Each structure stands twice: as C-alpha cells, then as structure tokens.
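Remarks on the structure that follows.
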Amino acid sequence: MTTRRKRARRRAWAASAVGALIAAGTTWAVQAAPAAAAPAAAGCSVAYTITNSWQGGFGADVEITNLGDAVSSWSLKWTFGSGQTVTSAWNADVTLNSSQVTATSLTYNGAIPTGGSTSFGFNGAVSGSGTATVPASFTLNGVACTGATTTTPPTTPVTTPPTTPVTTPPTTPPTTTPPQAGQGRQVEKLDRGVISVRSGSGNLVSWRWLGTDPDNVAFNVYRGGTKVNSSPLTGATDYLDSGAAADASYTVRAVVNGTEQAASPASLSFANGYHDVPITPPAGGTTPDGVAYTYEANDASIGDLNGDGRLDLVLKWYPTNSKDNSQSGYTGDTILDGITLDGTRLWRIDLGRNIRSGAHYTQFQVYDYDGDGKAEVVTKTADGTTDGTGKVIGSSSADYRNSSGYVLSGPEYLSVFNGQTGAAMQTVDYDPPRGTVSSWGDSYGNRVDRFLAGTAYLDGQRPSIIMARGYYTRTVIAAWDWRNGRLTERWRFDSNDSGNSAYAGQGDHQLATADLDGDGKDEIEYGAMAVDDNGARLWNTGQGHGDALHVGDLDPAHPGQEVFKVDEDTSKLAAWFADAKTGKILWSNPSCGCDNGRGVSDDVYAGSPGAESWSSGVSGLYSVGGQNIGRKPGSANFLAWWDGDPVRELLDGTHIDKYGTSSDARLLTASGVHSNNGTKATPTLSGDLFGDWREEVIWPTSDNRALRIYATPDPTDLRITTLLHDTQYRTAIAWQNTAYNQPPHPSFFLGDGMPTAPRPTVYTP
C-alpha cells in the first residue's frame, strides 16, 4: 500500500502539468498558425505573452511554432529575468534551475508537424517590487528560435483542429490558502436562496439560515419595499404572507444585534407550486448501425458555477439508446449542460463517442474544490470529448468502439472543467486504468466499466475528489485534490494490493462519504466495506455487493453514525444495520433467497424512535433495534422532508407520500413531468436546494424542455441551518447522480424527538 501510494504521487506530479489551471476567469487560448516563414531556417518561433499580473506574481502563455522538420517531442528553454520563478504550469512540465527555465512536452502534445503549433502556460512569482519580463531568446530542442519572438500570439487560425486542451491562466492569483485551525470546513458562500411558494391564498416565503450566520440572527421579510412582519423573526426561516398576490416578489434582510443588514436577492417564484428552468435538448443522431436516437434530461447536480452566490445546475443529457453495461449496442454521446436558474446555458460539454452512455459510465462531480468561490465539474473523459468552449480533448477522430458498441481500448482521462466557462482546465490519465478487461470480472466489457464517484473532506477541512472503478471483483478507489490549478493524487486503494484481497467484491452500485469513525475526517462507505480518510482499510463485513445503502445518525441512541445496506447475494444476509465506525452488524435480516435490490432507512414513522428501515425483498418495517414494527411503506426508493414536521416523507416516481400504519397518504403528484433511470424511477435531483431546511425535487418536463422544481407549500416551526452547510449532506447531493441514485442524509439525526439541530463549524471562501 505504501509503495503504491508513493508511485501514485509520482504519477500525479508528472501528470499535474497536463493542464492545471484554477477556475478564476479561465478561457481557452486560441491555437494560431505559424508566423510568416521569413528566413525560416531558424526552425522555430515563439510567442510569449504575459497575460496578467498581480502583486508578486504573473501568468504567461507560450506558443511554439515549428518552422523546421516535424518533431516527436520537444524541450523549450529560456532564461528568466532576475527574481522570477515558476509556481505552476499546464500542458508542459516546467522546471527551473537557477534562472534557466526548461519546458518539456507531455505524452499527448510532443508531436509538432512542420508548420504546426503547440501551447502551454504557467503561473510565476516575482520577488520584491520586480516585474515580469519577456525573455530575449528561446531554444527548441537545442535550436535557437530566431523566426520570431513576440509578446502577442499570431492571429491566423490553424487549419487543423487542436488535439490537446490549451488553457489560459487565471486573471487573479490563486485564492486557495488552507483555512486556519478552528475554522471548520470549507463550504459554499451562498445567498439566502429566497423562494415564494403559492400556499392557499397566500405565499410561503422561505430562506436559508446559513452556517456562517450568528446563532441569534433574526430576519425581516419584505414584499417589494414593504416589510410584512411586525417584529424580527427568530424562529423558523419561513413566513406565510396571507392574501398576497401569487406573483409578489420578496427579499429577506438579516437582523444582527438589532441592526438590519442588506437585502437578499429577490425571491424565486413558485407561483404554481413549481418553478420551471428552461432547457434545450441536444440534437439527436444515428449510430453506426443505423439506429436513430434523441435526448432526454437525466440526472443533475448543483453548484455556484459563476460565483454569484446563487446555485446553478449541471444537467446530464442521455440519448434514448443509453445502455446498461450488460447490454451490447452503440449509444449516442453523453452531454453535460451548465445552466443558471433563469435557463441561461453557460456551456455544453459533449463527452464524445468514446464514453458510452449509461448509468454506470458517467459519474460527474460538481463542487468548489479549490475554494475560489466557483464550482468545478469533474468527470471521466476520453479522446473526442469536447469542452464547453468547443475545444477537443485528445484526438477528435479517434473511435475506439468495437462492433458491440463497447469501448474497451484507447486512453481514459480525468478532466476538471471550469464551472463558469466549461473549459477543460486539466486532463490527466484516469486512475484506476482499464488494464486487462477480464481482470474486473468478465471479458466482454460489463464489469470493467463500473464507475463510482464522490466528494469527501479527507483532511477534515477541504473537499477532495473520489473516483473509483469496480465492485463485483476488483475494487480501486483513487482520491484527488484540485488545488492551485493542479490535480494531484492523494492516495489509491486497490483490492489487489497486499492485505486487501478480502475487500474484492464488496462494493455497491453507489457510495457514500461521511465521517464514519468520528475523527473529523471523511471516509468512503463503498458498500460492505469502508476505506479510511488516508486510503487504508477501515472495515469489511464480507456481505458482498448490493444496490443501495444509507449512512447517517440513524439511531440517535447509539454513539456515532450507522449504515443500513441491502445485499444481492442470495447466500448473504438480505439486509443489515451496522455501526459506521467499526462495521459491526447490530441487527440483520436473514437471506431472502433473492436479489434484495431496494432498501431505505430514515425516520418515516413518529411511532418508533430513530430511523425505520425496510427493503423490497423482506416483509415488514424495522426499528433501530431490528424489531418488525408493522407495515412497510408502499415504496422503497427516495425520501424528502416535505411537510412541516421532522419525519421524512416517501419520494417515488413523480409523487411524494406520507407513511401511515395502514396506508400511505399522497402529498404531491407532480404534473407534466417524468422520472429517470427506468425502473429506478428517480428524480433529476432532490435535496435542500433553496429556502429553509425542507427539500425540493426536480423532474424534467415530459417534453424535456424544462426542469420543473417543486417546493413545499407547508410552513414549519423548526429552525434548522440550511442542510447545504452540513458537509455530509452537501457531498451526498454531489454524489447523488452516481450509478444507482440514493437520497442524501445529514450528519445528525433529523427526525421525531430530535434535539435542537447542531450548528455547523464552517467557513466560506
């Protein structure tokens, strides 16, 4: 394990120059043609541009044009002026020896044909009061570049498309200094998220109590310019404005120590009980075997993509011929859109023909990993992926699909995209790699391409990226950090490593991230096994693969958190409830002789303390002690806090029900929408997205022309911090789209008889 982690760190360092760039102000550089080939025996020309500067630092773009014979790799050298150094680079490996700078090509951009160009960039530092200067001369592979040395890039477009991502540096210096001790965890700097939901003849106005607010903050609510509450509100963060017009607009102002603060942004209107975000489906197409397809809106995630404090959406589009891994056949491309709440599309990323479409292929994470105030988008990519600015990653012409539609050869990448522009900021080799297809459990391409993804606070303060492959047999989990414009691999867990063999075949069709052992750092709950924050083994029940798991403080009388999981293997337990720190099974259901494919755990019934658990293959509803306490709910799918009490409701298909001992009661039937993922019947996204702590649900409209967001019209008397500032819940929103989607759980017990909800210790960028 130790040796492999050292190797992983070396690989990550070598790969970190592939395209590292922080999210601030990123755009793509335009590849340009060679400068006029004047006395061109020189062999090369260089365009060196100082793109921006700040106190003590600067950014630069460098474009090399090859005027001589084609080269298969390159090394560009120059001399820095006094006091200049390199701090980070992308699209090249840049080193400094005294004042001598050497930039060398990477595996994907070493070849430059005669007349061709390639580009790279870097951030640098300048000591004292000095300023960055343009070098006087350059050499390429030992040959002086006398064709031209300019401070502006050529402007004539290249006639062939670029084959590698080219990026420009940030417009401001990195803002990713680690937090000081005691500040807690990094979270998003959100606005109030004010919404107005039609409720009878009035409007329910709801807003966020932020984790960074004072505990005793109060609020005033304004309809237009008129305050509607008689005195500052100190209870729940909602207000029923009786008799108000459905289209009334509201703002909320915090009151701190008796002083009213600035007004929030205006409310988002749910005048019909829902809010529609317009979307535009991609054009359909035809596969090589002549099958036509169109597109349907599928899973989504949230993040502040542009840094305005308002959450935006990242939507995954599926072609109508998407496949389960067990099914052969070509598919259309998977497409991601970045969308604001008014329907403005910020960008569109096409993952290309070499990423197959289906629930197990594309797991995308949306989160502000570097703390610059804007979310990044991270996902697996391949040759032919086109980023949000139209630039192609790798080869635009490569097609690795076999005659059965599987992609079992060719390079695999991990890319970090700028949330505001969709530009690919860095692309590295995907870890874990495919290797030998049959080593994952079969030879035709089913189990090799089972991917999971998540986000975890592995250091207890800042979020890291989790990318994983395999769970039927071999299991590999890689943890990555995105810091200062660079991806680095933190650790790698492999069931093939010495001592880990018992962890093979223990994964689920999902994962969860949470502080399982109470040490302040997050672990990865992968199914019947868990991995510690440092990539070491934590525990393994040996109960094997399954389709659903839940992690939370499910039993408030038991120390720490608990795990409820269902199993697929007919020789194993049908379901079990375990201590999250040790994996000790506290109670279980014996084998049902079936694939127990659905299971849920949360407090849905006030008549029994703590969470209730149930599953599709076992009769009855089970208490935290494992006793059968009666009729199980009519669905075993998603959950949502919808009405005013802390008992959670049942979300399934396009409706929400409240559990009862004799029958479920319908609370909402959504209109004109569809659920996703076939028989899984899951929403596009659900969670505490806006307003107070209750949860919203997003479904696509039937024509896939809008994302319809439903919010509760019911008041509550419970005052709870926005669940988005509980990092276990927030990371669960991030991984909700992973494979078999599951609902989020906070780090504390939220249910009947709960104590006052805890306040998170967090900070914002």
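Look at Ser117 and say whether it is under 23 Å from Gly394 (Cα atoms), at pLDDT 85 or above, surrounded by 18 or more Cβ atoms within 10 Å (Cβ to Cβ) and among the hydroxyl-bearing types (Ser, Thr, Tyr). When the stated conditions are applied, Ser117 passes them. Among residues of the range 497-533 being of a type in the set (Gly, Ala, Ser) and in a loop (DSSP other than H, G, I, E, B), the one that is surrounded by the most Cβ atoms within 10 Å (Cβ to Cβ) is Ala528. In the set (1) surrounded by 19 or more Cβ atoms within 10 Å (Cβ to Cβ); (2) small (Gly, Ala, Ser); (3) more than 30 Å from Lys316 (Cα to Cα), Ser201 fails one condition alone, (1).
Residue under question is Arg708, and the condition is that it be of a type in the set (D, E, K, R), part of a strand (DSSP E or B), open to solvent by 10 Å² or more (accessible area, probe 1.4 Å) and farther than 26 Å from Gly597 by Cα; does it hold? Criteria met by Arg708. Counting the residues of the range 337-377 that are hydroxyl-bearing (Ser, Thr, Tyr), closer than 24 Å to Gln186 by Cα and not in a strand (DSSP E or B) gives 2. Annotation: Gln363 fulfils all but one of (1) in contact (Cβ under 8 Å) with a residue 24 or more places away in the chain; (2) over 16 Å from the mean Cα position of the chain (by Cα); the unmet one is (2).
Which of the residues that make up the range 382-410 are β-branched (Val, Ile, Thr) and either open to solvent by 10 Å² or more (accessible area, probe 1.4 Å) or farther than 19 Å from Pro282 by Cα (or both)?
Within the range 382-410, Thr386, Thr389, Val392, Ile393, Val407 meet the criteria.
Under the condition of being crowded, with 21+ Cβ neighbours inside 10 Å and touching a helix residue (DSSP H, G or I) at 6+ places or on another chain (Cβ under 7 Å), the residues counted in the range 464-490 number 6. Among the residues of the range 588-608, the ones that are open to solvent by less than 40 Å² (accessible area, probe 1.4 Å) and polar (S, T, N, Q) come to 4 in all. Applying a threshold of 7 Å to beta carbon distances and a minimum spacing of six or more residues, or different chains, the list of pairs starting in the range 754-765 at a residue that is at pLDDT 95 or above and ending at one that is open to solvent by less than 40 Å² (accessible area, probe 1.4 Å) and acidic (Asp, Glu) reads Pro760/Asp726; Thr764/Glu188. Among the residues of the range 279-289, those identified as within 20 Å of Gly388 (Cα to Cα) and open to solvent by 40 Å² or more (accessible area, probe 1.4 Å) are Thr280, Ala283, Gly284. For the range 564-587, the set of residues classified as closer than 13 Å to Gly544 by Cβ and crowded, with 19+ Cβ neighbours inside 10 Å consists of Lys565, Val566, Asp567, Glu568, Lys572, Leu573, Ala574, Ala575, Trp576, listed by residue number.
Summed over the range 123-148, the residues that are exposed (fewer than 12 other Cβ atoms within 10 Å of the Cβ) and touching a Gly at 6+ places or on another chain (Cβ under 7 Å) give a count of 2.
Among the criteria (1) of a type outside the set (Phe, Trp, Tyr); (2) crowded, with 20+ Cβ neighbours inside 10 Å; (3) within 30 Å of the chain's Cα centre (by Cα), the one Asp643 does not fulfil is (2). Of all residues in the range 545-555, at least one satisfies being part of a strand (DSSP E or B), aliphatic (A, V, I, L, M) and touching a residue at least 24 places away in the same chain (Cβ under 8 Å).
Looking only at the range 290-306, decide whether some residue is of a type in the set (S, T, N, Q), surrounded by fewer than 23 Cβ atoms within 10 Å (Cβ to Cβ), touching a helix residue (DSSP H, G or I) at 6+ places or on another chain (Cβ under 8 Å) and in contact (Cβ under 8 Å) with a residue 24 or more places away in the chain. The answer is no; no qualifying residue exists. Among the residues of the range 103-114, just one is under 14 Å from Val62 (Cβ atoms) and open to solvent by 30 Å² or more (accessible area, probe 1.4 Å), namely Thr104. Just to verify a result, which residue in the range 220-240, among those that are in a strand (DSSP E or B) and of a type in the set (A, V, I, L, M), is surrounded by the most Cβ atoms within 10 Å (Cβ to Cβ)? The residue in question is Val221. For the range 625-676, the strands (runs of 3 or more DSSP E) that sit wholly inside it and include 3 or more residues that are in contact with a Ser or Thr (Cβ under 7 Å, 6 or more places away or on another chain) are 649-652. Of the residues examined, Trp539 is not one that is under 25 Å from Leu651 (Cα atoms), open to solvent by less than 20 Å² (accessible area, probe 1.4 Å) and either part of a loop (DSSP other than H, G, I, E, B) or in contact with a strand residue (DSSP E or B) (Cβ under 9 Å, 6 or more places away or on another chain) (or both). Taken over the range 73-94, the criterion of being open to solvent by 10 Å² or more (accessible area, probe 1.4 Å), part of a loop (DSSP other than H, G, I, E, B) and at pLDDT below 90 is satisfied by Gly81, Ser82, Gly83.
Where strands (runs of 3 or more DSSP E) sit wholly within the range 266-308, none has at least 3 residues that are hydroxyl-bearing (Ser, Thr, Tyr) and at pLDDT 95 or above. Listed conditions (1) modelled with pLDDT of 75 or more; (2) open to solvent by less than 30 Å² (accessible area, probe 1.4 Å); (3) in contact with an Asp or Glu (Cβ under 8 Å, 6 or more places away or on another chain) are all met by Ser45, apart from (3).
The values are calculated or read from the model by the stated rules, or taken from the named source; none is laboratory data. It should be emphasised that the depicted structure is a prediction, and the values quoted were computed from it without experimental measurement. Positions of Cβ are generated from backbone atoms using ideal geometry, with glycine treated the same way; all protein chains shown enter the neighbour counts. Note: areas computed on protein heavy atoms with side chains; ligands, DNA, RNA excluded. Shrake-Rupley method; radii C 1.70, N 1.55, O 1.52, S 1.80 Å.
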